[in-house]
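First the structure, in the form of structure tokens, and then the observations on it.
Readers should treat all values here as calculations from the given coordinates under stated rules, not as data from a laboratory. Computed from a predicted model, the values in this text were never measured in an experiment. As a convention, Cβ positions derive from the backbone with ideal geometry for all residues, glycine included, and neighbour counts pool all protein chains shown.
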Amino acid sequence: MSRPPRESPETGRRMTRRLAVIGGLQAAAMGTLLFRMRHMQVEQADQFRLLADENRINMRLIPPVRGLITDRDGTVLAGNEQNYRVVVVREDAGDVGAALRRLARLIPLDPDAIAAIEAEVMEHRPFVPVTIAERLDWEEVARIAANAPALPGITPEVGLSRHYPQGEVFAHNVGYVGPVSERDLEDLDAPDPVLQIPGFQIGKIGVERHMEETLRGEAGSRRIEVNAVGRVMRELDRQDGTPGQDVRLTLDAGLQRFVNARLGGESAAGVVMDVASGDLLACASSPSFDPNLFVRGISRQDYNALLEDPYRPLADKTVQGLYPPGSTFKMVTALAALEAGEVSEEERVYCPGYMDVGGRRFHCWRRGGHGRVDMASALGESCDVYFYEMAQRAGIDRIHAMAARFGYGTAFDLPVSSVSEGLNPSREWKRARRGADWMVGDTINAAIGQGFVLGSPLQLAVMSARLASGRAVVPRLVHAIGGVEQEVPEAPPLELDPAWLRLIHRGMADVSNDRRGTAYSSRIVAPESRMAGKTGTSQVYSISAAERAAGVREQEDLPWNRRNHALFVAFAPVEAPRIAVSVVVEHGGGGSTAAAPIARDIVLQALHGGLPPLSAYPEPQRNRIETMQQELRQRLMSAAEGGTGGRDA
Amino acid sequence: MTYLEYTVKRVPSGLAKVLYVNWALVVLLVAVASVGFIMLYSVAGGALRPWAEPQMQRFALGLAAMFMIAFVPIWFWRNVAALAYGVSLLLLIAVEFVGEVGMGAQRWIDLGVIRLQPSELTKITLVMALAAYYDWLDPQKISRPLWVGLAVLMVLAPAALVLSQPDLGTALLLMLGGGAVIFAAGVHWAYFASVLGLGTAAVTLVMASRGSEWQVLRDYQYRRIDAFLDPSIDPLGAGYHINQAKIALGSGGWTGRGFMQGTQSRLNFLPEKHTDFIFTTLAEEFGFVGGLSLLVLYALILIFCTASALKQRERFPALLTVGITASFFLYFAVNMAMVMGLAPVVGVPLPLVSYGGSAMMVLMGAFGLVQSAHIHRPRGRA
């Protein structure tokens, strides 16, 4: 077999050359790779290291423990209770459905819920825990723990949730927390990232809302390493957050519980205030609601029931309820006239039962008239005609100025929701808002707190505290934040002649201590506890001539929501006032019958720090009072038990 | 050349062959494979299973196969080259019909005993066939168009079949590997220049026509080209993987994060961390020093093989060694370029390091051929 020669020196050299070219290309390519590798691993190393860390390290926020809200003595009004829940992890459970059905024999869990949980479990990655049930009691947790081997992947966990042990008693002041809503986030310029934690709750109303930042604290954080699918591999480090600060309120839990019980489910409000410091000792609006319902997520049915209740349980009547102050305004009118120098202490005015002003007849509440009355007896007997006269002498401008000094038209800066400024009318106000000139009739109405004047129970209490002390006491609700006592600025004097105040005090003392006083039946006989007060009955609806003809004469004949509001303001003890009280019973009828007895009980309770001895009450009433006290005691006890608003953890 | 001619020129025979094995190359292969074992141990989270142990077994098997092939005289391999080429073409056709789909392409053929990837086999048989072709061809005719055309056809036939699987990466490797043999055989450089020129012109034309009235391809085809060239425009698909690979590689720094300390691979951010992207784990855990070391090992393999080829006086063993060396080079260069973001992700494993049986066996077989060529080289008359 013969073939041409394969190898010649020439072909050999050519192959060597070609191999050199191939080798050169390979070397160039490897050089490029090496250069690229060096560039990435040496020059850009830090950058890539950062990216690698960003990949693997996640920050998780640790929600801070919310601060407690307590009363002035440390009784917890809003606390954190341990919330036992049970979670399932799919990858540990294997057959989730079977595990859940076994669990259903231990805790209440209906088939629909099981189906819903199964669906939810499948939506998440297999290692993500899904909550099955919350707020289990200790026995249920123990049952689950005991049966752990039969419940793979199902574990009880414990977390903290807000709890209001006093139930409905402090619902309006303390408020409640709820899940963060879109609107909450919109309201904030730079929302705290902690708000994004699923299930995080923030204050919705009351102190919980208005002191949210103080109570919330600052979130801690955990740096955790995760893998590509997000599974947590380990915790790298942890930075504990700052728990929220505790807030101690000025409220007295025992007193507020009593006030709430004494209002007895009426649509009413009662405020007790320290006349020197302005501390609000009780601020109860009735009826109330259980704030714990809101924390757990209130049902639509329950919520609608609260919304549709004519007694408006959701409203905090102490600060947002506005009522014509009625006769409780007469002290303002009297002081306006005194300051104007238009009346002396002794001057008597004749009350025939009416007064004709500008062609209109204004009646006194007592049709027969009071005869000749001076200022003290006019207050004591609540003679309207006397104050019609005083109002005309002082004029609306002075009345307006005096009312302003007593807090009308001021929205006090309290950390609760919807604090109203009320309405202290003036000529300017009427022109601006009603487009009409102030008429003399308006002044007559204003004299007895009717017409345009509106005040909240809080403002009524502030007024009586200022009357009692002669100083511009400002109400306050926060005693201490994080253990630091809040300063009480000394209230500036109202700059009223002490003689005038003594006169007013005498008149107010007569209300409940003089035989002819409008609240004489609500007097306190214990000399060290005697109270000064003023009744008020503000008209909601004028009985028309037609109704009068049809036989409607008395308040009781009217439907509830057309009856008069009953008001009472008081301070006590008369000689050295310590507390000021206001009570408003919506559509309660008359101040002397509906509001004054409540105010008296509150005053005694506040002064004695508990149910007072029967000897403080007038002799003939003691039997009735004793029965009432027993009833109250029972109601308070059941409130203290049932009022925890939930099971014990 | 006949057996007689070989023996006359003192070709080692019998047990003496063992002395003439290119032992340096064997040591280098074991070294590279050991790097693979270490990395597979690491990516398994410090365990021999599921990857390191099978890989060791396969490598042992591969070594045995290499020696078996090495001791068979080289002319035998020359004589069966055409047959082997024909068989692999048939297998490539067969895989079209009975192939199993893996990774989105028809690549595997199940022979019961082993699962065969014909495209891997073809890389070797094509090189063998081309080397035998130029061994047979009169050197005077090498650059004649007819004979060049025949060689090109030999390359394009399997490349087209592989491309239809579709496996663009392997098809390109086949063409480049075949091209290297044709180039080394001494075909006139003008052919290569014109192919390069025409190819560049065609690509330029196609890309330049985009958006004009005489646009060659449809819009969606251009978009596919875009995504192929720049994976970052497809961040959820290939872009994610190449990004994570670059992060792993870059975060290694000079000396790496330490053995089994690579967070990218340990926490599963790396895709295919035990196969195509194993180099990134190496670079992450051992840094630039580690990557450089592997590259040096590869370079040494190239150098020893090329040196062996240069000593050959025969065309077949020389071209066979060159072709196999070029294919080996293309394997690791394309893989590294891919994980460094220099080349599109085409699915080429890192030779001897990536986990995988078929590629490992074929590669060890190819080095068997290189060894056979080395052993059966006539050693002068001395």
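Among the residues of the stretch A:167-204, which ones are more than 19 Å from A:P415 (Cβ to Cβ) and outside any loop (DSSP other than H, G, I, E, B)?
The answer is A:G167, A:E168, A:P179, A:E182, A:R183, A:L185, A:E186, A:P193, A:V194, A:L195, A:Q196.
If you go through the stretch B:290-325 one residue at a time, how many are without any contact (Cβ under 8 Å) to a residue 12 or more places away in the chain and not in a helix (DSSP H, G or I)?
So the answer is 0.
Taking the stretch B:331-350 only, how many residues are at the interface with chain A (Cβ under 9 Å from one of its Cβ atoms), surrounded by fewer than 24 Cβ atoms within 10 Å (Cβ to Cβ), in contact (Cβ under 8 Å) with a residue 24 or more places away in the chain and in a helix (DSSP H, G or I)?
Number satisfying all stated conditions: 0.
Please determine, by comparing only the residues of the stretch B:267-285 that are under 28 Å from the mean Cα position of the chain (by Cα) and within 10 Å of another protein chain (Cβ to nearest Cβ), which one is farthest from B:A337 (Cα to Cα).
If we filter the stretch B:267-285 for residues that are under 28 Å from the mean Cα position of the chain (by Cα), which is where we start, we get B:268-285.
Cutting the leftovers down to within 10 Å of another protein chain (Cβ to nearest Cβ) gives us B:268-271, B:279, B:283-284.
Details: B:N268: 21, B:F269: 19, B:L270: 16, B:P271: 16, B:F279: 10, B:A283: 13, B:E284: 16 Å.
So, considering only residues that are under 28 Å from the mean Cα position of the chain (by Cα) and within 10 Å of another protein chain (Cβ to nearest Cβ), the one farthest from B:A337 (Cα to Cα) is B:N268.
Identify, from the list A:I224, A:I205, the residue that is within 22 Å of the chain's Cα centre (by Cα) and either hydrophobic (A, V, I, L, M, F, W, C) or within 30 Å of B:N268 (Cβ to Cβ) (or both). It would help to see each step written out before you state the result.
Details: A:I224 fails: within 22 Å of the chain's Cα centre (by Cα).
Checking each option against the conditions leaves just A:I205.
Contact list please: Cβ distance under 9 Å, first residue in the stretch B:199-224 and among the aromatic types (F, W, Y), second residue in a loop (DSSP other than H, G, I, E, B), pairs at least six apart or on different chains.
Close Cβ pairs (under 9 Å, with a partner that is in a loop (DSSP other than H, G, I, E, B)) amount to B:Y222/B:R210; B:Y222/B:G211; B:Y222/B:Q215.
Considering the stretch B:246-286 alone, what residues qualify as being of a type in the set (D, E) and buried (at least 23 other Cβ atoms within 10 Å of the Cβ)? Before you say what the answer is, go through the steps one by one.
From the stretch B:246-286, those of a type in the set (D, E) are B:272, B:276, B:284-285; that's our starting set.
The answer is B:D276, B:E284, B:E285.
Which condition from (1) part of a helix (DSSP H, G or I); (2) in contact with a strand residue (DSSP E or B) (Cβ under 9 Å, 6 or more places away or on another chain); (3) more than 21 Å from A:T250 (Cα to Cα) is the one that A:L607 breaks?
(3)
Does the stretch A:615-625 contain any residue that is in contact (Cβ under 8 Å) with a residue 60 or more places away in the chain and of a type in the set (V, I, T)?
No, the stretch A:615-625 has no match at all.
Checking the condition free of Cβ contacts under 8 Å to residues at least 24 places away in the same chain and farther than 14 Å from B:A337 by Cα, which residue from A:Q26, A:Q44 passes? First the steps, then the outcome.
On the way: A:Q26 fails: farther than 14 Å from B:A337 by Cα.
Every option except A:Q44 fails the conditions.
Tally time: how many residues in the stretch A:427-449 are surrounded by fewer than 20 Cβ atoms within 10 Å (Cβ to Cβ) and outside any helix (DSSP H, G or I)?
Of the residues in that region, 4 qualify.
Condition first: aromatic (F, W, Y), without any contact (Cβ under 8 Å) to a residue 24 or more places away in the chain and closer than 21 Å to A:G326 by Cβ. Can you find one or more residues in the stretch A:413-432 that meet it? I'd like the intermediate steps shown before the answer.
Of the stretch A:413-432, the ones aromatic (F, W, Y) are A:429.
Those left that are additionally without any contact (Cβ under 8 Å) to a residue 24 or more places away in the chain: A:429.
Those still in the list that are closer than 21 Å to A:G326 by Cβ too: A:429.
Checking the stretch A:413-432: at least one residue is aromatic (F, W, Y), without any contact (Cβ under 8 Å) to a residue 24 or more places away in the chain and closer than 21 Å to A:G326 by Cβ.
Among the residues of the stretch B:299-311, what is the count of those that are farther than 20 Å from B:I74 by Cβ and at the interface with chain A (Cβ under 8 Å from one of its Cβ atoms)?
2
Just for the stretch B:133-161: of the residues that are under 16 Å from B:L92 (Cα atoms) and free of Cβ contacts under 8 Å to residues at least 12 places away in the same chain, which one is nearest to the other protein chains (Cβ to nearest Cβ)? Explain how you work it out, then say what you get.
Kept after step one, since they are under 16 Å from B:L92 (Cα atoms), are these residues of the stretch B:133-161: B:153-161.
Subsequent filtering for residues that are free of Cβ contacts under 8 Å to residues at least 12 places away in the same chain retains B:153, B:160.
On the way: B:L153: 21, B:A160: 25 Å.
Out of the qualifying residues, it is B:L153.
Against the conditions (1) aliphatic (A, V, I, L, M); (2) in a helix (DSSP H, G or I); (3) surrounded by fewer than 20 Cβ atoms within 10 Å (Cβ to Cβ), where does A:A261 fall short? Just the number, please.
(3)
Whether any residue in the stretch B:312-322 is facing another protein chain (nearest Cβ under 10 Å) and within 29 Å of B:I278 (Cα to Cα) is what I want to check. Before the answer, list the steps.
The first filter runs over the stretch B:312-322 and keeps only residues facing another protein chain (nearest Cβ under 10 Å), leaving B:312-316, B:318-319, B:321-322.
If we keep only those that are within 29 Å of B:I278 (Cα to Cα) as well, we get B:321-322.
Yes.
Can you report the number of residues in the stretch A:225-258 which are more than 14 Å from every other protein chain (Cβ to nearest Cβ), in a strand (DSSP E or B) and surrounded by 15 or more Cβ atoms within 10 Å (Cβ to Cβ)?
Here the count works out to 4.
Which one of the conditions (1) in contact with a Ser or Thr (Cβ under 7 Å, 6 or more places away or on another chain); (2) part of a helix (DSSP H, G or I) does A:S420 fail to meet, given that it meets all the rest?
The one condition A:S420 does not meet is (2).
Would you be able to say whether some residue in the stretch A:226-237 is out of contact with any helix residue (DSSP H, G or I) (no Cβ under 8 Å at 6 or more places or on another chain) and either of a type in the set (S, T, Y) or over 30 Å from A:N58 (Cβ atoms) (or both)?
Checked against the condition, which is being out of contact with any helix residue (DSSP H, G or I) (no Cβ under 8 Å at 6 or more places or on another chain) and either of a type in the set (S, T, Y) or over 30 Å from A:N58 (Cβ atoms) (or both), the stretch A:226-237 yields no hits at all.
To keep it simple, each residue is scored yes or no on (1) farther than 30 Å from B:A180 by Cα; (2) crowded, with 16+ Cβ neighbours inside 10 Å; (3) not β-branched (V, I, T).
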{"position": "A:A28", "(1), (2), (3)": "no, no, yes"}
{"position": "A:L34", "(1), (2), (3)": "no, yes, yes"}
{"position": "A:V42", "(1), (2), (3)": "yes, no, no"}
{"position": "A:I57", "(1), (2), (3)": "yes, no, no"}
{"position": "A:L77", "(1), (2), (3)": "yes, yes, yes"}
{"position": "A:V96", "(1), (2), (3)": "yes, yes, no"}
{"position": "A:A99", "(1), (2), (3)": "yes, yes, yes"}
{"position": "A:R102", "(1), (2), (3)": "yes, no, yes"}
{"position": "A:A115", "(1), (2), (3)": "yes, no, yes"}
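For the stretch A:42-104, list the helices (runs of 4 or more DSSP H) that sit wholly inside it and hold at least 2 residues that are touching a Ser or Thr at 6+ places or on another chain (Cβ under 8 Å) and within 14 Å of chain B (Cβ to nearest Cβ); which are they? Walk me through how you get there before you give the answer.
Numbers: elements: A:45-56, A:90-93, A:96-103.
Output list reads A:45-56.
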